[in-house]
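One structure is given here, and the rest of the page talks about it.
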Amino acid sequence: MAQLDVDLVAADRKIWSGAATMVVAPAADGEMGILPGHSPVLAVLRAGEVRITPVSGEPLRGTIDSGFLSVDADRVTIVAASVALISGTPTR
Amino acid sequence: MGGQQRVYRERIRSTQSLKKIFRAMELIAASRIGKARSRVTAAAPYARALTRAVSAVATHSNVTHPLTTERTDTSRVAVLVATSDRGMAGAYSASAIREADKLIEKLTAEGKEIALYATGRRAVAFYSFRGRPIVRSWVGESDSPTVEMAQDVADVLLDAFTAPVDEGGVGELHIVYTQFVNMVTQVPRVIRMLPLEVVEGVAPVDEAEALPLYDFEPSAEEVLDSLLPRYVRSRIYSCLLQAGASELAARQRAMHTATENAEDLIRDYTRLANQARQSEITQEISEIVSGADALAGP
């Protein structure tokens, strides 16, 4: 099954990166879910919660302040000035 | 004669304690520089993601934005100078300030009015001593700038760039900082940050290559609106990080040289002290001998 290649990046460091099956992010006009095969999109994110369901391991939840999200050929990049993880382990 | 010996001993002692201080500062700088460099690398993914996104928007839409357009209504120009908070870093701050002065001279010759912004106490002290007004300054964390401080710097500068003329709006923003090349080379650099020029990293668009057609949420204008200030913030942050790493590298090198110089001085003074002691002994002997000769005389 196709999977997403996700990067969760804060201004001063990379928080998490890896393979995931689903990403949910708070886009400017409503929550946005990304599944593999999504069309390329650049979305502005408002403050809210990001949920990433990795291929393996526990789901990752974190709050971001505003940021943006880009999807391009199953490469998802979530960029925010600051990210606070609620659950899940950051990748080093 | 004994006085001279004492003077030398005192000098040796004070140079020794100076040497210890220099050594300690060298070690502190050395231990911090690793962290500063890893901060530079840690901030890179964010900058890369932003650059990629900005160039995506730039290539996919023909949206003009206030941050990318030249302002013609004002001749005020903002210059941000990044220096250190403390000295003891060799020519680090001095060369950044010299570079800034060159830039200011050039801009003034073009008939522009300068609005100075500064980070680091050295620049603040330099300009306030010369009676040149600084619009805004940030001090206290030149060797480890935080995201918050960089954001504050960027917000103030972006505000100035978007402000109307009568509220001190500026038409350009130049940044003078020291680029960290490696441990031995740090180059003072000037970049023109605003208005944003052709976005860096935009690959030349190949006609044959099909570009992914991005959807913009909510719209291309709004995406650009949110991206460009972020891009500027991240660029300013990375400039400050580079300046911080350069400062530490310069300090480490300067303190290393200072330690070596102190060692040289100690060696010289020890020789002089030994010489003084020897000549004192020689003189005493000759005094005794001549005294004994005088008594033993016929």
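Bear in mind that the values in this text are calculations on the coordinates, not laboratory data. Quick caveat: nothing in here was measured; it's all calculated off a predicted structure. Glycine also receives a Cβ, built like all others from the backbone with ideal geometry; neighbour counts cover every protein chain displayed.
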>> Go through region B:239-261 and report how many residues are in contact with a Pro (Cβ under 9 Å, 6 or more places away or on another chain) and among the hydroxyl-bearing types (S, T, Y).
In response: 1
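Kindly indicate which of B:T72, B:T64 is away from chain A (no Cβ under 14 Å), in a loop (DSSP other than H, G, I, E, B) and in contact (Cβ under 8 Å) with a residue 24 or more places away in the chain.
Values: B:T64 fails: in contact (Cβ under 8 Å) with a residue 24 or more places away in the chain.
On inspection, the qualifying residue turns out to be B:T72.
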> Out of all the residues in region A:41-50, is one or more closer than 13 Å to A:D5 by Cβ, crowded, with 20+ Cβ neighbours inside 10 Å and in contact (Cβ under 8 Å) with a residue 12 or more places away in the chain?
Replying inline: no
> Within region B:221-237, is even one residue within 11 Å of chain A (Cβ to nearest Cβ), surrounded by fewer than 22 Cβ atoms within 10 Å (Cβ to Cβ), in contact (Cβ under 8 Å) with a residue 40 or more places away in the chain and more than 31 Å from the chain's Cα centre (by Cα)?
Replying inline: yes
> Given the conditions (1) in contact with a strand residue (DSSP E or B) (Cβ under 9 Å, 6 or more places away or on another chain); (2) within 23 Å of B:Q179 (Cβ to Cβ), which single one is not true for B:R132?
Replying inline: (2)
>> With the requirement that a residue be surrounded by fewer than 24 Cβ atoms within 10 Å (Cβ to Cβ) and either within 14 Å of chain A (Cβ to nearest Cβ) or under 17 Å from B:Y117 (Cβ atoms) (or both), what does region B:243-255 give you?
In response: none
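Hey, among A:S66, A:S17, A:S82, which residue is surrounded by fewer than 21 Cβ atoms within 10 Å (Cβ to Cβ), within 27 Å of B:D152 (Cβ to Cβ), in contact (Cβ under 8 Å) with a residue 40 or more places away in the chain and within 10 Å of chain B (Cβ to nearest Cβ)? Break it down stepwise before answering.
Working: A:S66 fails: in contact (Cβ under 8 Å) with a residue 40 or more places away in the chain; A:S17 fails: within 27 Å of B:D152 (Cβ to Cβ).
Of A:S66, A:S17, A:S82, the one residue that is surrounded by fewer than 21 Cβ atoms within 10 Å (Cβ to Cβ), within 27 Å of B:D152 (Cβ to Cβ), in contact (Cβ under 8 Å) with a residue 40 or more places away in the chain and within 10 Å of chain B (Cβ to nearest Cβ) is A:S82.
In the set B:D166, B:D152, which member is out of contact with any His (no Cβ under 8 Å at 6 or more places or on another chain), among the charged types (D, E, K, R) and farther than 21 Å from B:V40 by Cα?
It is B:D166.
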> Looking at region B:29-46, which of its residues are over 17 Å from the mean Cα position of the chain (by Cα) and hydrophobic (A, V, I, L, M, F, W, C)?
Replying inline: B:A42, B:A43, B:A44
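I'd like the full set of residues that are surrounded by fewer than 17 Cβ atoms within 10 Å (Cβ to Cβ) and not small (G, A, S), limited to region B:102-124. I'd like the intermediate steps shown before the answer.
Filtering region B:102-124 for residues surrounded by fewer than 17 Cβ atoms within 10 Å (Cβ to Cβ) gives B:102, B:105-106, B:108-111, B:113.
If the condition is that a residue be surrounded by fewer than 17 Cβ atoms within 10 Å (Cβ to Cβ) and not small (G, A, S), then B:K102, B:E105, B:K106, B:T108, B:E110, B:E113 are the ones that fit.
Condition check: away from every other protein chain (no Cβ under 11 Å) and out of contact with any Gly (no Cβ under 7 Å at 6 or more places or on another chain). Does A:R51 satisfy that?
Details: away from every other protein chain (no Cβ under 11 Å): yes; out of contact with any Gly (no Cβ under 7 Å at 6 or more places or on another chain): yes.
Here the answer is yes, as A:R51 does meet what is asked.
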>> With the structure loaded, tell me whether A:T77 is part of a strand (DSSP E or B), closer than 24 Å to B:Q151 by Cα and within 14 Å of chain B (Cβ to nearest Cβ) or whether it fails that test.
In response: yes
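Given the options B:S17, B:S55, B:S38, B:S31, name the one that is polar (S, T, N, Q), within 14 Å of another protein chain (Cβ to nearest Cβ), without any contact (Cβ under 8 Å) to a residue 60 or more places away in the chain and surrounded by fewer than 20 Cβ atoms within 10 Å (Cβ to Cβ). Spell out the reasoning first.
Values: B:S17 fails: within 14 Å of another protein chain (Cβ to nearest Cβ); B:S55 fails: without any contact (Cβ under 8 Å) to a residue 60 or more places away in the chain; B:S31 fails: within 14 Å of another protein chain (Cβ to nearest Cβ).
Only one candidate passes the filter, namely B:S38.
Going by the structure shown, is B:V54 more than 24 Å from the chain's Cα centre (by Cα) and outside any loop (DSSP other than H, G, I, E, B)? Before the answer, list the steps.
Working: more than 24 Å from the chain's Cα centre (by Cα): yes; outside any loop (DSSP other than H, G, I, E, B): yes.
So B:V54 fits the description; yes.
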> Which residues, counting only those in region B:103-126, are assigned to a helix (DSSP H, G or I) and touching a residue at least 24 places away in the same chain (Cβ under 8 Å)?
Replying inline: B:L103, B:I104, B:L107, B:R121, B:R122, B:A123, B:F126
